[in-house]
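Below is one structure, written out as structure tokens; the observations come after it.
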Amino acid sequence: MLLLMCRYAWISLFLCLVSPAIAQKNSAADSVRGFHKPTGIRFGTDLISIGKNLAKSSLTGWEANADVDFGRYYLAVDYGSWSREHTLVNGDYKNDGRYFRVGVDIDFLLKDPDKNMFFLGFRYAHSNFNERTTYQHNAVDFGDYQIESANLGAKAGWIELTSGLRVKIWKQFWMGYTGRMKFLPSVKNNAFESYEIPGYGRTFKSIYWGFNYQIFYRIPFK
């Protein structure tokens, strides 16, 4: 009986010594992974797009942004509208469409209580759009005449690498910027080769740089 009690005592002592080490190891692994329950969602918009609309530039549109925190990882979603007009040498070109991006941002400011961010991220982006071109053609036998062509229901996709900052400015408001490197555009069109992709830019550029200056409002979860 005494031998049995000693055996259980040694087992209990062993478990007391080992359990904290296991718990610490698991905690360290969770810290490395950085996954936690979300604490809030941020909604924002691009101030540069608003400025272009007010300035009545050739590019008009808007963009809405949202992200949710899972520890150091943020699920990010963007949705926007884009409309552009170009004057050609012998005609004009117009496009309009919608686009979205979805991806993940990784925060490198791990212990900031205000959840300010310096991040690197990844996006997959997709656009549905229409484009039209009208131009004058000069034929020797028939004279000048106008040609119209349209890509209706064109689709495109591309990849983005992102980096930027999010800084709390007052209560639940954040401001920041996002820099984008867009690449690997893929276009599905009909009547003619697409000239420009809403949300991306000119199709003949294999790498395109983008920049957004954004304001966010954060809704905390109870």
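Values in this text are rule-based calculations from the coordinates and carry no lab data. No experiment lies behind these values; they were computed from the predicted model shown. Cβ atoms come from the backbone with ideal geometry, glycine included; neighbour counts cover every protein chain shown.
Just to verify a number: FRET efficiency for Lys94 and Ile215, C-beta to C-beta distance, R0 = 30 Å, to 0.05?
On the way: r = 30 Å, r/R0 = 0.99.
So the FRET efficiency works out to roughly 0.50.
With a Förster radius of 35 Å applied to the C-beta separation of Tyr177 and His126, the computed FRET efficiency comes to 0.90.
Taking 15 Å as the cut-off, the amide N atoms of the stretch 72-94 that come nearer than this to a point 7 Å along the Cα-to-beta-carbon line of Gln146 belong to 88, 90-94.
Take the residue pairs Lys52/Lys115; Lys94/Lys171; Lys56/Lys222; Lys111/Lys205 and return only those whose Cα atoms are more than 32 Å apart. Present the calculation step by step, with values, prior to reporting the outcome.
Numbers: Lys52/Lys115 30 Å; Lys94/Lys171 42 Å; Lys56/Lys222 42 Å; Lys111/Lys205 39 Å.
Beyond 32 Å between Cα atoms: Lys94/Lys171; Lys56/Lys222; Lys111/Lys205.
Could you work out the percent of alpha carbon pairs in the stretch 138-198 separated by over 19 Å, rounded to a whole number? Write down the numbers at each step before the final one.
Working: 1145 of 1830 pairs.
It works out to 63 percent of all Cα pairs.
Across the stretch 36-220, counting alpha-carbon atoms alone, Rg and Dmax equal 19.7, 75 Å.
For Lys56 and Gln136, FRET efficiency with R0 = 35 Å and r from the beta-carbon atoms, rounded to 0.05? Don't skip to the end; give the middle numbers.
Numbers: r = 26 Å, r/R0 = 0.75.
Taking R0 as 35 Å, the efficiency between Gln136 and Lys56 is 0.85.
Between Val167 and Lys155, residue separation times 0.36 nm minus the direct Cα-Cα distance comes to 0.8 nm. Think of the stretch 146-203 as having a plus end and a minus end, set by charges on the Cβ of Lys, Arg, Asp and Glu; of Ala156, Met175, Asn190, Met175 sits farthest toward the positive end of this dipole. The convex hull defined by the C-alpha atoms of the stretch 64-171 has an orientation-averaged projected area of 9.5 nm².
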